[in-house]
Amino acid sequence: MSVNFPSLARKTWQTAASIKTGVVLLILVVILSAVGTIVLQRPVTEPEEMQRAYSPQALRILDAVGLTDVFHAWWFVLLMVLVSLCIIAASIERFPNAWRYFSRPYKYPDEGFRRALHPQQQVAIADEESGLVAAERALHSMGFKPERVVREDHFSIFAERSRISEMAVYVVHTSLLLIFFGGIVDGIYGWRGTLNLNEGETSNQVELRDSATKTLPFAIRCDTAGQENYQDGSPKKWWSKLAVVKDGQDVQKKEIVVNDPLVYSGIRFYQSSFGPNGKVEKLVLQATPSNAGEKREIAFTLNETATLDANTTVRFAEFIPDFVARDGQVYKRSNQMANPAAHLVVSTKAGKNYDVWLPAMEGIGDNATAPYQFEATDLKMGHFTGLQVSHEPGQWGVWAGVVLMGIGLAFVFYVVHMRFWAVPVRDAKTGKYSLWLGGSANRNRDAFEQRFNDLVASVETELKSIRKTAPSERVATVAGR
């Protein structure tokens, strides 16, 4: 069986240019975008949170179909390409007629057009010129610029406003194409990841999806980070003081908070989390000799050694943020700061070592026999800042499209293309003249009908004024116009 390729190509083109096809594809994009905001997305969501939210089977399915990274999934990019092609096809298919309508306005209504037009009205006039003059004056008073149209031996009046609104739909089409173009560029070339930094740490390695990493051409240093709380103790905001380091030099610094990122070289660093990193920044102890003596204060960090006296030192050997003691051993239960414990090693010049635990635990350690007794007076934990890192090279297109769409929709909803015609008509039987008035608007027709009624009333008022004018004055007025 032979295939009629021209016919197939024409049907494909008509399908692509169909409004129904475009609407269906656009609805699919909206639905899948909504799914992307409901389903937790990688890599910005912590793996532990993903595992808590979904069962292993559900998570495998979501990952396999790309629903955990919707906006970078190949099928979502393909869908945006198809929508863009439909918009282009629909615009090309309809633009010639729209351009003819825009570039060559219909200024002289023939008899068939006049019969079908709504609204319309006929007003009795004495002669053609008085009717034309009355229509011109009325349109001028309404802010229009009427134009006399000559057709053989007939005259008419045409006036319009905001013809550009007829092309507003193509402004909206262009804005949609810009938005989808930006989304396609982001889907292909963009990426998102996370970067966790301890205070004082510098790194250029961003963790992407599936534990992949991306090396940045510069590094980010976290100088300090913190949290502000409400009076009830709940978090109010997180903040981080970041520095961009390139070639060993600080090239940019900024304190970021949520929704106020650091942007450098097209890469954005958002504040996404903050918390203790489980590392001790400083432990302050009060040491008291067991055989009585002067107390002294010691401040040191993990694996640091401090001198107690000429014969004794103490080393901060281990810190457990959440401990449990069992069978004479100390174990870490979790990384949460729930039940901390510190392991100290006291050494003497005689070569004897004492294991000391804070707090003291029965049957564990040498707290009772150690040459010093210790009491923790302060504990300062280190913190990390969690950054969401994104590179979205298509965002300029998205934002330009949003702005352009706002302009296009303003024209679509608030700028009305209004047209008015005034044609003197002579009755073949009676020989009397009447002025046919008609109008058209591309939207908001109820309000336009009131505007049309105002025009009719204004024309009738102008006709009364003309009738009161002396014939010689009327001729002078007409000639002056």
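The table below gives the values:
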| read-out | value |
| --- | --- |
| Enumerated strands (runs of 3 or more DSSP E) restricted to the range 298-401, each holding at least 3 residues that are surrounded by 18 or more Cβ atoms within 10 Å (Cβ to Cβ) | 312-320, 341-348, 353-358, 372-391 |
| Qualifying residue in the range 233-249 (condition: farther than 30 Å from S390 by Cα and in contact with a Ser or Thr (Cβ under 8 Å, 6 or more places away or on another chain)) | no |
| Failed item, numbered, when Y108 is tested on (1) free of Cβ contacts under 8 Å to residues at least 24 places away in the same chain; (2) surrounded by fewer than 16 Cβ atoms within 10 Å (Cβ to Cβ); (3) over 30 Å from A17 (Cβ atoms) | (1) |
| Tally, over the range 31-49, of residues that are farther than 19 Å from W191 by Cα and surrounded by 17 or more Cβ atoms within 10 Å (Cβ to Cβ) | 0 |
| Odd one out for F5 among (1) closer than 20 Å to R209 by Cβ; (2) surrounded by fewer than 17 Cβ atoms within 10 Å (Cβ to Cβ); (3) modelled with pLDDT under 90; (4) among the aromatic types (F, W, Y) | (1) |
| Of all residues making up the range 136-170, the number that are crowded, with 19+ Cβ neighbours inside 10 Å and hydrophobic (A, V, I, L, M, F, W, C) | 7 |
| Answer from D69, D63 - the residue that is free of Cβ contacts under 8 Å to residues at least 40 places away in the same chain, among the acidic types (D, E) and outside the structural domain of A422 (by TED's automatic domain parsing) | D63 |
| Conditions (1) outside any loop (DSSP other than H, G, I, E, B); (2) at pLDDT below 85; (3) closer than 30 Å to L208 by Cα: number failed by V29 | (2) |
| All strands (runs of 3 or more DSSP E) inside the range 216-267 with 3 or more residues being of a type in the set (G, A, S), free of Cβ contacts under 8 Å to residues at least 40 places away in the same chain and surrounded by 12 or more Cβ atoms within 10 Å (Cβ to Cβ) | none |
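The values are calculated or read from the model by the stated rules, or taken from the named source; none is laboratory data. Everything numeric in this text was worked out from a predicted model, so none of it was measured. Cβ: placed from backbone, ideal geometry, glycine included. Neighbour counts: every protein chain shown.
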